[in-house]
Amino acid sequence: MKQPIWKPFFRLLHQARLPYFYILLYTLLSISASQLYLLFPSYTQKIMQGNINQTMALMVAAVVLGQAFVTSVNQFVLAAASAKVTLRFREMIWGQILRLPVPFFDGQPSGNLISRITQDTSKLSDLTATLPGNVLSSLYMFFGAFGILFSYHWKLAALEAVMIPFLYGLGVWQGRIQFSWNQKIQEKIAGLTGHLSEILSSPALVKGFCAEEWETKRGSGWISQLFQADFFRSLINTLLLQLKNLASLIHTVAMIGLGLWMISRKEITIDVWVAFYLYSQNLLNSFSRIMSIWTTVKSAQGAVRRITELMEEATETSGSPADSGFVQGDISFRDVTFSYGEKPVLEHLTFTAAEGKMTALIGSSGAGKTTVFQLLERFYTPDRGMIRIGGRDISSFPLEEWRRMIGYAPQAPFLFSGTIRENILYGVHRPVTDQELCRAIQDSCCEEFISAMPHGLMTRLGENGSGLSGGQRQRLSLARLFLQNPRILLLDEVTANLDPESEYMVELALARLRKGRTTLVIAHRRSAVKDADQIIVLKGQESGPSVPERSLL
Ligand SMILES: Nc1ncnc2c1ncn2[C@@H]1O[C@H](COP(=O)(O)OP(=O)(O)OP(=O)(O)O)[C@@H](O)[C@H]1O
């Protein structure tokens, strides 16, 4: 083990609210099962000594039935414990991912994050739910059996003591090999998941470019890589299992050989040897379990590391409610400089967007228009300079409060699978009356098409709002903004891809929405800036520092 995983592992346990009752119950039942297994050989010995009577028969029956009962109840407890632990870890990680800042997601394949929640949590749960029970019950059995073996005969016990280090070395070696293969599989699964989720998010694009054949090949590449890794892992696991079986066989043969030799020399009686043999099997079983715990730990090591890294990422700081304040006044960028990593985008940007007025941002592609919106949303922080509203630094407002004051309409509106009603109400953090909803639908020019739908507001949309035209999607997202009632509007080329009729409808809705709100619009087309009170030209890096030009249309 290169890096100890215990510290981060225990930190994770502390963070997740684990079902300790189930884990404790599993632990106690596992130890009870070990105790019952330890009783069985001594009863067998007594029977072999001729101690056959009703009490003995009842005792043996009780031990055998007890073992079966405890083991099967424990299976249920373990299933419940694992499921609950998985649930808690998944909730914890999902909550963390949603609170990470936007820069974290830059260049982070979504497939990787999905596999943190699906694959890695399963591994972590296996470890967490079973670790205390398996470790304690195996150690109980291991030391219990060893103690009893020494009390029987030291020579036979010494044979065990010699065998165990070899078996241990073998187990550690196997664990290492299995760990490295498990890691390979994890990487392949993450790659495949990332690739599939990217392609499945835009099936129309694939079809539009007639790229089915090409994508089939690319997908097959990932699938066959996973197959190869899976195949070799199974092959290696089978070989390792055979090796383990061979080691057990050697152990058993040595046990039998030494036992028979000692019986022939009258050093032990046959009943002692039988009991000894059974205890040595217990010892071996408990040792195998300890080694399988080792394998579980090794295979969870990567998952623990990845999840810990994720959990230790700094989340967005929400700020204190004491800093709340009324968001009003002109928005001013003062000497703002910003780069994405090493890549400078804005330099010394200074402009003011007057309260309640419309400011258009224009400039060539890559000039930094969307970046201005990103900074306003506080997805990123300026490297230098300051953004203020009514003279107050925008970063001094509690984050959530600030973002709720901003209504952002992107070029491609965000809609999700669910009813039209659910889509309109997304992000509206207050109860909404039917009248308010109707009003927002009317203001956003959605009334006509929603009432033409078979189930009206309760009509279900597909992923990304499929089932609606571009203009309808855009108007639906504007209905959301009417309800959200933000003080600042950020409109990113909202009408860019619409036909004239849809554009007219969206413009109508936008004109209503803009009333009384400070609006910033990203525009490429003249028609989109015709109502602007001022235009800021961003020049980007190509043409030197981006000094804005102010002019009226
Ligand atoms: N998350 C990011 N990480 C790194 N670079 C980025 C990121 N987002 C944007 N950029 C880069 O920053 C520059 C400005 O991007 P931005 O999206 O702000 O431009 P824009 O003016 O809105 O362009 P367009 O009109 O084409 O949408 C571009 O060169 C872009 O490649």
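The values are calculated or read from the model by the stated rules, or taken from the named source; none is laboratory data. The model shown is predicted, which means the values in this text are computed figures rather than measured ones. With ideal geometry, Cβ positions are generated from the backbone for all residues, glycine too; neighbour counts draw on all protein chains shown. We work out accessible area using only protein heavy atoms, side chains counted, and drop any ligands, DNA or RNA first. Shrake-Rupley method; radii C 1.70, N 1.55, O 1.52, S 1.80 Å.
Based on what the data block shows, is LEU87 open to solvent by less than 40 Å² (accessible area, probe 1.4 Å) and either under 30 Å from GLY111 (Cα atoms) or in a helix (DSSP H, G or I) (or both)?
Values: open to solvent by less than 40 Å² (accessible area, probe 1.4 Å): no; either under 30 Å from GLY111 (Cα atoms) or in a helix (DSSP H, G or I) (or both): yes.
The answer is no for LEU87.
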* Contacts under 9 angstrom Cβ, first residue in segment 354-377 being on the phi < 0 side of the Ramachandran plot and without any contact (Cβ under 8 Å) to a residue 60 or more places away in the chain, partner away from the ligand (no atom under 12 Å from the Cβ) and assigned to a loop (DSSP other than H, G, I, E, B), 6 or more apart -> LEU375/THR381; LEU375/PRO382
* To do: Filter segment 105-123 down to the residues that are open to solvent by less than 60 Å² (accessible area, probe 1.4 Å) and over 11 Å from the mean Cα position of the chain (by Cα), then identify the one that is nearest to GLU316 (Cα to Cα).
  => GLN108
* Structure fact -> Of the residues in segment 371-419, those that are more than 18 Å from VAL494 (Cα to Cα), among the aliphatic types (A, V, I, L, M) and either away from the ligand (no atom under 16 Å from the Cβ) or not assigned by TED's automatic domain parsing to the domain that holds LEU490 (or both) come to MET386, ILE389, ILE394, LEU399, MET405
* Asked: Just one of the numbered conditions (1) free of Cβ contacts under 8 Å to residues at least 60 places away in the same chain; (2) among the polar types (S, T, N, Q); (3) in a helix (DSSP H, G or I) is not true of THR337; which one?
  -> (3)
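Being of a type in the set (A, V, I, L, M, F, W, C), open to solvent by less than 40 Å² (accessible area, probe 1.4 Å) and within 20 Å of ARG512 (Cα to Cα) is the filter here; which residues of segment 425-458 pass it? Quick ask: steps written out before the conclusion?
Of segment 425-458, the ones of a type in the set (A, V, I, L, M, F, W, C) are 425, 428, 432, 437-438, 440-441, 445-446, 449-450, 452-453, 457-458.
The next check asks that each one be open to solvent by less than 40 Å² (accessible area, probe 1.4 Å); those that pass are 428, 432, 437, 440-441, 445-446, 449-450, 453.
Answer for segment 425-458, where residues must be of a type in the set (A, V, I, L, M, F, W, C), open to solvent by less than 40 Å² (accessible area, probe 1.4 Å) and within 20 Å of ARG512 (Cα to Cα): VAL428, VAL432, LEU437, ALA440, ILE441, CYS445, CYS446, PHE449, ILE450.
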* In segment 295-304, is there at least one residue being touching a residue at least 60 places away in the same chain (Cβ under 8 Å), open to solvent by 40 Å² or more (accessible area, probe 1.4 Å) and not β-branched (Val, Ile, Thr)? -> no
* Asked: Quick check, is ARG439 of a type in the set (Lys, Arg) and not in a loop (DSSP other than H, G, I, E, B)?
  -> yes
* Are any of the residues in segment 124-135 part of a helix (DSSP H, G or I), open to solvent by 10 Å² or more (accessible area, probe 1.4 Å), acidic (Asp, Glu) and out of contact with any strand residue (DSSP E or B) (no Cβ under 9 Å at 6 or more places or on another chain)? -> yes
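Conditions (1) modelled with pLDDT under 80; (2) under 21 Å from ALA353 (Cα atoms); (3) within 16 Å of the ligand (Cβ to nearest atom); (4) open to solvent by 10 Å² or more (accessible area, probe 1.4 Å), marked per residue:
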| residue | (1), (2), (3), (4) |
| --- | --- |
| SER466 | yes, no, no, yes |
| LEU481 | no, yes, no, no |
| ARG487 | no, yes, no, yes |
| GLU501 | yes, no, no, yes |
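Filter segment 489-499 down to the residues that are in contact with a Lys or Arg (Cβ under 9 Å, 6 or more places away or on another chain) and at pLDDT 80 or above and list them by number.
Going residue by residue through segment 489-499, those that are in contact with a Lys or Arg (Cβ under 9 Å, 6 or more places away or on another chain) are 489, 491-493, 495-496.
Scanning segment 489-499 gives LEU489, LEU491, ASP492, GLU493.
Sort out which residues of segment 347-370 are outside any strand (DSSP E or B), open to solvent by 10 Å² or more (accessible area, probe 1.4 Å) and within 12 Å of the ligand (Cβ to nearest atom), and write them in order of number. Talk me through it step by step, then tell me what you get.
As a first pass, look at segment 347-370 and keep what is outside any strand (DSSP E or B): 354-357, 364-370.
Then drop every residue that is not open to solvent by 10 Å² or more (accessible area, probe 1.4 Å), which leaves 354-357, 364-366, 369-370.
If the condition is that a residue be outside any strand (DSSP E or B), open to solvent by 10 Å² or more (accessible area, probe 1.4 Å) and within 12 Å of the ligand (Cβ to nearest atom), then SER364, SER365, GLY366, LYS369, THR370 are the ones that fit.
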* PHE326 is checked against (1) within 13 Å of the ligand (Cβ to nearest atom); (2) without any contact (Cβ under 8 Å) to a residue 40 or more places away in the chain; (3) not β-branched (Val, Ile, Thr) and fails just one. What number does that condition carry? -> (1)
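Here is a yes/no grid of residues against (1) within 30 Å of LEU196 (Cα to Cα); (2) open to solvent by 80 Å² or more (accessible area, probe 1.4 Å); (3) in a helix (DSSP H, G or I); (4) modelled with pLDDT under 90:
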residue	(1), (2), (3), (4)
LEU226	yes, no, yes, no
PHE231	yes, yes, yes, no
LEU235	yes, yes, yes, no
LEU239	no, yes, yes, no
SER248	no, no, yes, yes
ASP271	no, no, yes, yes
ALA275	no, no, yes, yes
ASN282	no, no, yes, yes
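Just to be sure before I move on: is ILE52 assigned by TED's automatic domain parsing to the domain that holds SER138, open to solvent by 30 Å² or more (accessible area, probe 1.4 Å) and either more than 17 Å from the chain's Cα centre (by Cα) or hydroxyl-bearing (Ser, Thr, Tyr) (or both) in the structure I sent? If you could, list the steps in order and put the result at the bottom.
On the way: assigned by TED's automatic domain parsing to the domain that holds SER138: yes; open to solvent by 30 Å² or more (accessible area, probe 1.4 Å): yes; either more than 17 Å from the chain's Cα centre (by Cα) or hydroxyl-bearing (Ser, Thr, Tyr) (or both): yes.
It is true that ILE52 is assigned by TED's automatic domain parsing to the domain that holds SER138, open to solvent by 30 Å² or more (accessible area, probe 1.4 Å) and either more than 17 Å from the chain's Cα centre (by Cα) or hydroxyl-bearing (Ser, Thr, Tyr) (or both).
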